[in-house]
Every structure is written in structure tokens, then in C-alpha cells.
Amino acid sequence: MTSSLPLLAGAALVAGLVGGPAARPVTDAAPPGTGRADPAAAAHRTHPADATGANGANGVPGAAGPVAPVAADVADVVEHAAADDSPGHRRVLDYWTPQRMAAAVPIGVLGKVTGLLGGRRAAAGDDRPAAPAVKGLPAALAAGGDRRAVSAHGRPAAATERLAAPAAGNRRAAPVTGARWVTGGSVAQTTGRVFLTVGGVDYVCSAGSVRSANRDLVVTAGHCVKDGAGAWADNWVFVPGYDRGRQPYGQFTARRMFVAGPWARGADDSYDVGMVALNTRNGRHLGDVVGAQEIAFGTPRGRPAHGFGFPADAPYDGERLVYCAGPVHDDPHEQTADQGMRCDMTAGSSGGPWLTGFDAVTGRGTITSVSSFKYSDDHGTMYGPYFGSTIRDLHTVAERS
């Protein structure tokens, strides 16, 4: 398919969670007909254990004991050291002035891509025509312009920002396509905004605190961490519980970043997941400050989900936590192994967590996907990668860092 719409989420926006009418094996295999390579055939990267474990009390990696090794022939994971020392940690905090945060833009809002051919292929042997360059847009994001677009133009008038809360005693809300989350609970603390720099441009994304051995891990979209086969993000900081400029739990800088091999090699949307291990803040781990949501892999497809994030393009402004909720379905175009959900959220919600089994009273659930992309000819459906064995390995490596 072709697109003449503005790119708004470079690699994307929230959408489906995992789930499906029938249970499937714990695998990353795409639905029949996608033409995607079997992940098991991908070259595996040796992943030795880090020399140190948890952060020291000064907020940067300390002299904690060694962590358990990860099997070298299992994890197809690529990692990057971020602000892993005191000077780097301080540099990132100093970089994000209130003015820079206010000026940061959702990934991919800086140009248009026209006449691109649709049809995402597997990273190996991808023979799509090269995407034209887009000024100010990272390479992998432009390459996805054939369909990864969330347009603020032509949106139905009814898609204005809404305020919604579950009815008293109703622990699972009815389908919602984009409303402010006003009931609080754990999700209002564990979900936050991400501020990052790619190619000299400051961007915003979303992310969520996830259960991990190191108590310092967040999950987000791969394109909010690394530009596909291109550059890693810089000045990466997570602000949990963000609300209209307020930062009740402060800022947590990135210590190490992780993405799945298929994303790092070829920006494969089926693996658009990133995990970031954070520095402590005032000697405290993120998980000890705001808590963490559970995470699961290989769950049955098609399960209803709640997706959360901070959409920043009209009709939203990125200042409030917004959610969508409802059933999910497989990618009807069979171009990814992702699942989709009806959702009006726009750019800026990329990387926001999707939770299944969500309890609207406690604000707790299990993360089974993250915000990834929208097709340019379907502004009302968000897509998110399925958490199979590759993402399980990604989490295993990241939580031991």
C-alpha cells in the first residue's frame, strides 16, 4: 500500500497486545503468509554476564556482586552502555532543562514520505525499495514510512480528548479508544514519559516499569531506544508518573539499553521492543520507588488489553496519561506478527505498555506488548509486537544487567 500522510510515529504507536482466539506455542513465528524468517534461524549473539550487578548508592553502577550468566547460544540481544558512570548520569540530568522537555517532539513528525511500497519483509533478505530520505527523520523511521504513520490530519471530529473512568465496582472497563486515565492506581506510577535524543533531535516516547531482578528495568518500543540498524538514542531519561509537567518521582537516567537482534539488524516491526536498565535515584531503585508491572511471554493471542501512553500530537498534548482498552486481533495485512487494537492515540505514545488481565481498581496487570505502529490507511488501529521467546530472552538479559 502507499502513503502520502505525515509520519508521526516514526516506528510507531500503540496498538495491539498479545492474545488470540486460540492458544499458540511460545514462539515468535508470524501468522502464515507473512514471509517472515524463523527467529530460530537467526544468528545468536554471545552474551556474557556483566562484571557488576545493581547500581551503587550514588545512582550509577556500583560494585555489586556478579550476576548469573546468560546462555551464549540463546539470547539474540544487542546492548549499549548509556550513562553508566557518574559524569554521564549528571550530564543527562543537566541536559533536560524544562525548555528542552517542552520542545521535544514525538518521533517522526518532521516530514512526509510519499509513494513508498508497502509490505514489510523479514530482516534477512529484505528487498524493499530504499525509502527516500526525510529531513530530520532517523533512517529506520523513514524506511518504515510505507505504513508506520499516525496522522493528525483527517481525524474524525469525535476523536477529541476524552475523560473516562470505569464505573464503580467494574474492574474491567468497556472498550475505550483514547481517554484520560483518571483513576490512579499502580499504572499511573509505573507508566511514564521518555525523553531522548536521536540524530541531534529531541524526542518523546512512553515506557513502563516492569518486574525484573535488578529492580531498575523499563520496557518501551525498540525505536525509542535504537534507530533500527542506525544509532542508539542519547540523553535517555524516564519520568514515571508524569502529569502535566509534574514529576513526582523524579527522573531516572538510562544505564544500559537492550533491543532484540532482528530490530537492531533491520528494524523488523515484529520485534520493535526495547528494554532499558536505569540508574538509581538517590540510592533507590525504580522498582522500589514506583513498583513494577508483571510481564509475560507466549501468552494466548487475542486477549483483551489496556494500552497506556502519553500521546503528544493532536488532539492530545502529551501532558496526561491516556489509555485504550478492548479486544485485539492479528495483523490483517500479514506483514508482521503483531496484534492490533482500536485506539486513537497519536505519536508520543510509542513504547507505552499494554496490559492484559488489567484491574482498573488497583491499576495492575501483566505487560504483554508495547505501542509500536499504525498503518497509514488505518488511523484507528494501533499495533504492538507479540511477546514470544525472543522478547523473553531480551528481558532475561536486561534484568540481569
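The values are calculated or read from the model by the stated rules, or taken from the named source; none is laboratory data. As the structure is a computational prediction, the values presented were derived from the model and not from experiment. Glycine gets a Cβ as well: all are built from the backbone with ideal geometry, and neighbour counts include every protein chain shown.
Within segment 263-291, if we keep just the residues that are within 17 Å of Gly250 (Cα to Cα), small (Gly, Ala, Ser) and in contact with a helix residue (DSSP H, G or I) (Cβ under 8 Å, 6 or more places away or on another chain), the residue that is surrounded by the most Cβ atoms within 10 Å (Cβ to Cβ) turns out to be Ala277.
Got at least one residue in segment 156-178 being assigned to a strand (DSSP E or B), buried (at least 23 other Cβ atoms within 10 Å of the Cβ) and at pLDDT below 95? So far as segment 156-178 goes, yes, one or more of its residues are assigned to a strand (DSSP E or B), buried (at least 23 other Cβ atoms within 10 Å of the Cβ) and at pLDDT below 95. Taken over segment 334-373, the criterion of being among the aliphatic types (A, V, I, L, M), modelled with pLDDT of 95 or more and touching a Leu at 6+ places or on another chain (Cβ under 7 Å) is satisfied by Met341, Ile367.
Filter segment 218-245 down to the residues that are in contact with a helix residue (DSSP H, G or I) (Cβ under 9 Å, 6 or more places away or on another chain) and among the small types (Gly, Ala, Ser) and list them by number. Of everything in segment 218-245, those that are in contact with a helix residue (DSSP H, G or I) (Cβ under 9 Å, 6 or more places away or on another chain) and among the small types (Gly, Ala, Ser) turn out to be Gly222, Gly228, Ala229, Gly230, Ala231, Ala233, Gly241, Gly245. Looking at Thr336, Thr366, Thr362, Thr346, just one residue is surrounded by fewer than 24 Cβ atoms within 10 Å (Cβ to Cβ) and either touching a Phe, Trp or Tyr at 6+ places or on another chain (Cβ under 9 Å) or hydrophobic (A, V, I, L, M, F, W, C) (or both), and that residue is Thr366.
Pairs are defined by a Cβ separation below 6 Å, a sequence spacing of at least 6 or placement on different chains, a first member in segment 162-190 that is basic (Lys, Arg), and a second member that is at pLDDT 50 or above and part of a strand (DSSP E or B); the pairs so defined are Arg162/Ala179; Arg171/Asp359; Arg180/Val322. Tell me, yes or no, whether segment 312-326 has at least one residue that is over 24 Å from Ala103 (Cβ atoms), assigned to a loop (DSSP other than H, G, I, E, B), in contact (Cβ under 8 Å) with a residue 12 or more places away in the chain and among the hydroxyl-bearing types (Ser, Thr, Tyr). There is no residue in segment 312-326 that is over 24 Å from Ala103 (Cβ atoms), assigned to a loop (DSSP other than H, G, I, E, B), in contact (Cβ under 8 Å) with a residue 12 or more places away in the chain and among the hydroxyl-bearing types (Ser, Thr, Tyr). Sub-7 Å Cβ pairs linking a first residue in segment 215-239 that is at negative phi to a second residue that is in a loop (DSSP other than H, G, I, E, B) and surrounded by fewer than 23 Cβ atoms within 10 Å (Cβ to Cβ), at least 6 apart or interchain, are Asp216/His285; Ala231/Gly199; Val237/Trp96; Val237/Gln251; Val239/Gln247; Val239/Gln251, ordered by first then second residue. Quick check on Tyr242: is it in contact with a strand residue (DSSP E or B) (Cβ under 8 Å, 6 or more places away or on another chain), at pLDDT below 95 and not hydrophobic (A, V, I, L, M, F, W, C)? The answer is no for Tyr242.
Do we find a residue being under 23 Å from Phe373 (Cα atoms) and touching a Cys at 6+ places or on another chain (Cβ under 7 Å) anywhere in segment 252-260? Can you show your working first?
Restricting attention to segment 252-260, the residues satisfying the condition of being under 23 Å from Phe373 (Cα atoms) are 257-260.
Then keep just the ones that are touching a Cys at 6+ places or on another chain (Cβ under 7 Å); that gives none.
Taking every residue of segment 252-260 in turn, none turns out to be under 23 Å from Phe373 (Cα atoms) and touching a Cys at 6+ places or on another chain (Cβ under 7 Å).
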